[in-house]
1. Step by step: find N for the chain, compute 2.2 N^0.38 Å, then divide the Cα radius of gyration by it. What's the final number?
2. Provide the gained length on full extension for the span residue 71 to residue 45, in nm with one decimal, where the gain is 0.36 nm per separating residue minus the Cα-Cα distance.
3. How do 114-127, 243-256 rank on mean C-beta neighbours within 10 Å, highest first?
4. Between residue 125 and residue 337, what is the label-to-label distance in nm when each label sits 7 Å out along the Cα-to-Cβ direction?
5. Order of 53, 94 from fewest to most other C-beta atoms within 10 Å?
6. Using every pair of alpha-carbon atoms in segment 228-359, split the distances into 5 Å bins beginning at 0 and state the percent of pairs per bin, rounded to integers.
7. Given 0.36 nm per residue, what is the gain on full extension from residue 81 to residue 209 after removing their alpha carbon distance, in nm?
8. How far apart, in nanometres, would the label points at residue 112 and residue 330 be if each is projected 7 angstrom from Cα along the Cα-to-Cβ direction?
């Protein structure tokens, strides 16, 4: 997008190679405005929104860390003694789906229980599904299910398909964080083999000092930002507890954070933003503001295509909103994304990117 490039006939931009767009006289910029076409707005990811009043307050930032949600963690143990024949998941950090094969176990115990199940099934079916034998059939089936076979695996058993080697599947989806199993080794009943954590829900944990404790209570929604991530996430406080750590009295805060796309990982450093008593004020997203040695500006939109820089004065700032104390009124329309690109376009066209008019 280089609107300073103009020629008298169709062609391509010598700077970026894009096709030139036919210019309407109503789209010609002056020193205080820049005009963009729908295509230019889309390519520059410029979006606009009306200015509204929002809740703002003084924010305290506390260092934190993402940890696993212990309620979404599962240890997979061997349900029976036997020899590990095959391991399908050998590395940590791998995502697995519920029902995905994890390992194969040869077990005399499982083989015996299969035979008991088939005998009980045969008696039950041969005798016209007699109620007398149904409890034995149900009990034999339940034993196999309790030892880790899936209902489908049990239903597939018959006299000709006894399975001395059973494939055990992941009981839940998640990320594998521990693998304690090797092919060819023997395991006892109850031996921990895998640890799988469902990272679609995480906890963020922070330590609060005495002067920060009154800023939050259980049930509050807090804002969380993470290193290397531009997005802002909301979390619900689920735990507050005084503890003595590193010879210091602190209150441990724990908040639950949704992570449906798995972009956040346990171990990431984060910041929890605690907002004090708030008030209603004109506010815009931080991305809408351009700052330099002359002050702060936003870009006012008119008609959806014309933009001009508007000087503003800012007040309280949070991770997702900045209070505007002067320069905007409720209902003004501003660029909430792409403001820096608008600033660059003003520079390219030789205008004053920070000039504007006071309201």
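Any read-out appearing in this document is the output of simple, stated calculations on the displayed coordinates, not a laboratory observation. Keep in mind it's a predicted model, so treat the numbers as computed, not measured. Cβ coordinates were reconstructed from backbone atoms using ideal geometry, including for glycine residues, and neighbour counts include every protein chain displayed.
1. On the way: Rg = 31.8 Å, N = 359, 2.2 N^0.38 = 20.6 Å.
Normalised Rg, Cα atoms only: 1.54.
2. Numbers: separation 26, 0.36 × 26 = 9.36 nm, distance 3.96 nm.
Going from the current span to full extension adds 5.4 nm.
3. Numbers: 114-127: 16.1, 243-256: 13.8.
Per-residue mean Cβ counts within 10 Å order the peptides as 114-127, 243-256.
4. 5.9 nm
5. Working: 53 11, 94 14.
Starting with the residue having the fewest Cβ neighbours, the order is 53, 94.
6. Whole-percent P(r) values from 0 Å outward: 2, 8, 15, 16, 13, 12, 11, 9, 7, 4, 2, 1, 0.
7. Values: separation 128, 0.36 × 128 = 46.08 nm, distance 4.99 nm.
Here the answer is 41.1 nm.
8. 7.8 nm
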